[in-house]
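Undergrad: Below you will find the structure I want to go over with you.
The values are calculated or read from the model by the stated rules, or taken from the named source; none is laboratory data. If you're wondering where the values come from, they're calculated on a predicted model, not measured in any experiment. So basically every Cβ, Gly included, is an ideal-geometry build from the backbone, and we count neighbours across all protein chains shown. Just the protein is used for accessible areas: all its heavy atoms, side chains included, with ligands, DNA and RNA removed. Shrake-Rupley method; radii C 1.70, N 1.55, O 1.52, S 1.80 Å.
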Amino acid sequence: MSTIAPSPGLGSPRRWAVFTAGLCCLITGIALTMAADLGVGSWQVLETGLVELTGASFAAVAVVESLIVLVVAWVWLGQRPWIATGVLACAGLGIGALLEVLGTPETVAGRVGLMGVGMALLSIGVAFYLASDLGASAQDSIFVGLYRRYRLHPGLVRFGLDAGLVAVGVAMGGQFGLGTLVVTLALPLVIEPALRLGHRLADTPLPESLRT
């Protein structure tokens with residue numbers, strides 16, 4: 001029996017609306033957390049660690065890592081690249097544009113507040129775009145593949161995956177900060193209710209692990 005998930009199709013207007021809302025929240029959330037300057041995300045901890053270990057450029061590490069993750073997710077978990085994979089590959093343009101107009105608050109309270117808003121938007125963004133069932137980014141393909149294939153709770157998968165990436169990245173000398181810790185601990189708590197809402201809005205089937 002094939003382990004490759006069936007094609008999710010081109011999507012209905014309702015699914016595209018949820019995807020667009022999720023993409024906007026995701027881009028804004030990432031930009032806000034970066035502007036807070038309190039630490040990078042789990043995958044960035046790994047990438048900066050690989051840069052320290054190999055001496056390669058960050059861009060080269062990010063590209064090679066994304067390609068490897070896509071292949072692993074496709075072969076092992078059946079998560080083939082789809083529409084969202086290509087769209088999200090260009091999300092950096094939107095993040096960069098927002099960072100041009102955003103500034104880092106001077107006070108610690110302001111930076112923490114910015115981090116909190118960014119984390120909430122990031123969680124909703126990931127959940128909504130995944131719930132639209134139009135594919136996943138290279139990094140999220142591992143996350144969604146694990147909880148769907150093995151019927152695991154998304155929150156537990158997200159925590160385990162992010163914590164593992166942070167641990168490996170820090171061991172290689174990757175960047176780490178308060179924001180990294182906050183996102184690693186808090187995002188798993190938000191992702192499941194946000195996924196349920198996203199699936200309801202997009203009218204897509206709820207994964208078995210979220211039906212209990």
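Undergrad: Yes or no: V71 open to solvent by 30 Å² or more (accessible area, probe 1.4 Å), assigned to a helix (DSSP H, G or I), of a type outside the set (G, A, S) and without any contact (Cβ under 8 Å) to a residue 40 or more places away in the chain?
TA: Yes; evaluated as a whole, the condition is true for this residue.
Undergrad: Of all residues in the stretch 163-182, how many are surrounded by 21 or more Cβ atoms within 10 Å (Cβ to Cβ), at pLDDT below 95 and in a helix (DSSP H, G or I)?
TA: Total meeting the criteria: 2.
Undergrad: Among what's in the stretch 1-54 and is among the charged types (D, E, K, R) and closer than 15 Å to Q175 by Cα, pick the residue that is modelled with the highest pLDDT.
TA: E52
The rows are residues; the columns are (1) surrounded by 13 or more Cβ atoms within 10 Å (Cβ to Cβ); (2) touching a residue at least 40 places away in the same chain (Cβ under 8 Å); (3) assigned to a loop (DSSP other than H, G, I, E, B).
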position: L38; (1), (2), (3): yes, yes, yes
position: L67; (1), (2), (3): no, yes, no
position: L93; (1), (2), (3): no, no, no
position: G96; (1), (2), (3): no, no, no
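Undergrad: Same structure again: With out of contact with any Ser or Thr (no Cβ under 7 Å at 6 or more places or on another chain), closer than 18 Å to A186 by Cα, in contact (Cβ under 8 Å) with a residue 60 or more places away in the chain and open to solvent by 40 Å² or more (accessible area, probe 1.4 Å) as the only criterion, which of I83, I124 stands out? Even if it seems obvious, please write down each step before you answer.
TA: Working: I83 fails: closer than 18 Å to A186 by Cα.
That would be I124, the only listed residue that is out of contact with any Ser or Thr (no Cβ under 7 Å at 6 or more places or on another chain), closer than 18 Å to A186 by Cα, in contact (Cβ under 8 Å) with a residue 60 or more places away in the chain and open to solvent by 40 Å² or more (accessible area, probe 1.4 Å).
Undergrad: Here's another thing I want to ask about it. Of all residues in the stretch 183-208, which are assigned to a helix (DSSP H, G or I) and either acidic (D, E) or surrounded by fewer than 19 Cβ atoms within 10 Å (Cβ to Cβ) (or both)?
TA: Filtering the stretch 183-208 down to residues assigned to a helix (DSSP H, G or I) leaves 183-202, 208.
Within the stretch 183-208, L185, A186, L189, V190, E192, P193, R196, L197, R200, L201, E208 meet the criteria.
Undergrad: Same structure, new question: Please go through the stretch 161-186 and pick out each residue that is of a type in the set (G, A, S) and farther than 19 Å from E65 by Cα.
TA: G177, G179, A186
Undergrad: Okay, next question. Of everything in the stretch 40-63 that's without any contact (Cβ under 8 Å) to a residue 24 or more places away in the chain and out of contact with any helix residue (DSSP H, G or I) (no Cβ under 9 Å at 6 or more places or on another chain), which residue is most open to solvent (accessible area, probe 1.4 Å)?
TA: Result: V63.
Undergrad: Going by what's in this entry, would Q139 be described as among the polar types (S, T, N, Q), in a helix (DSSP H, G or I), under 16 Å from the mean Cα position of the chain (by Cα) and surrounded by 18 or more Cβ atoms within 10 Å (Cβ to Cβ)?
TA: So Q139 passes the test.
Undergrad: Would you mind finding the one in L99, L165 that is farther than 26 Å from L197 by Cα, within 13 Å of the chain's Cα centre (by Cα) and of a type outside the set (D, E, K, R)?
TA: L165
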